[in-house]
């Protein structure tokens, strides 16, 4: 598994139920090789404009994603997971989309003067 991959992993939902869900492999963390991932949802109404990223059927990297419907890559739904929790990959996003996600997340995490 590598950065840009879309993988399946069991993750808890808002209601506490654990389901196998697609995630984007954002960055491998130092030390033990765990991955920072973000969840993917088909619930388009949950998009946080200017933060999340929508991947649509018409996007050039959609066919490589392994997703079945237009979806939101939810930057606010982050987890760090060990590789043993990743069930496998279903596809990948473009390097450009991956870079945009990381840039948006970094910008959000920057320390701002109060």
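Quick one: which residue in 77, 51 is touching a strand residue (DSSP E or B) at 6+ places or on another chain (Cβ under 9 Å) and under 19 Å from residue 34 (Cβ atoms)?
After ruling out the rest, the residue left standing is 77.
Can you go through 26, 36, 75 and tell me which one is in a strand (DSSP E or B), within 17 Å of residue 103 (Cβ to Cβ), in contact (Cβ under 8 Å) with a residue 24 or more places away in the chain and touching a helix residue (DSSP H, G or I) at 6+ places or on another chain (Cβ under 6 Å)?
The conditions single out 75.
Rule-based calculations on the coordinates, nothing more; no lab input. None of the values given here were measured: they were computed from a predicted structure. Note that we place each Cβ from the backbone using ideal geometry, even for glycine, and neighbour counts take in every protein chain shown.
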